[in-house]
Amino acid sequence: MDVLHCLGALMTDQPDISGRDRSDGAVVVELNQYRQDRDPVPVTFHRRELDAILRIYGRMVGEGEWKDYAIDHLREKAVFSIFKRSGEMPLFRIEKNPKLAGKQGAYSVVNTHGMILKRGQELPQVLKVFDKVLKLIE
């Protein structure tokens with residue numbers, strides 16, 4: 001169905017029959033459902049999660065260990081990448097993958113080589129890996 005026909009179907013005075021066929025063969029679809037199906041909402045960090053991550057980040061910046069960060073909100077997961085110097089590979093990645101919540105845990109800390117250092121259901125527990133002295137060995 002073309003966009004104009006879809007918009008015309010949405011602007012009628014007929015009752016909402018979302019997802020069902022109309023008598024003329026057209027299917028009425030809610031615009032927000034169409035957008036979500038076409039381009040799903042990315043996974044993001046919530047405010048409390050970012051607060052916990054940034055608390056550790058600030059401490060490590062103060063100690064001179066970390067210099068930069070990047071946040072990526074992707075379809076499958078959210079990633080907080082930590083860098084020693086900007087423009088390099090991240091030292092660590094803090095990842096949130098909701099699809100793993102029922103299994104090994106939605107949160108994980110991954111090092112430069114892709115090795116999972118800690119994984120769990122609760123972010124504060126996973127972030128305790130940074131309480132130990134983690135340093136890059138060159």
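The values are calculated or read from the model by the stated rules, or taken from the named source; none is laboratory data. Just so it is clear, the model here is predicted, and its values are computed rather than measured. Every residue, glycine among them, receives a Cβ derived from its backbone with ideal geometry; neighbour counts consider all protein chains shown.
The listed residues are Arg75, Arg59, and the only one of them that is out of contact with any strand residue (DSSP E or B) (no Cβ under 7 Å at 6 or more places or on another chain), in the same structural domain as Arg119 (by TED's automatic domain parsing) and exposed (fewer than 12 other Cβ atoms within 10 Å of the Cβ) turns out to be Arg75. With respect to Lys99, determine if the residue is modelled with pLDDT of 70 or more, exposed (fewer than 15 other Cβ atoms within 10 Å of the Cβ) and assigned to a helix (DSSP H, G or I). It is true that Lys99 is modelled with pLDDT of 70 or more, exposed (fewer than 15 other Cβ atoms within 10 Å of the Cβ) and assigned to a helix (DSSP H, G or I). Leu50 passes every criterion in (1) among the hydrophobic types (A, V, I, L, M, F, W, C); (2) under 21 Å from Glu88 (Cβ atoms); (3) in a helix (DSSP H, G or I) apart from (2). The residues listed here are Asp37, Asp72, Asp51; of these, the one that is of a type outside the set (Val, Ile, Thr) and at pLDDT below 70 is Asp37.
With respect to (1) surrounded by 13 or more Cβ atoms within 10 Å (Cβ to Cβ); (2) in contact with a Lys or Arg (Cβ under 7 Å, 6 or more places away or on another chain); (3) touching a residue at least 24 places away in the same chain (Cβ under 8 Å); (4) not polar (S, T, N, Q), the lone exception for Pro42 is condition (1).
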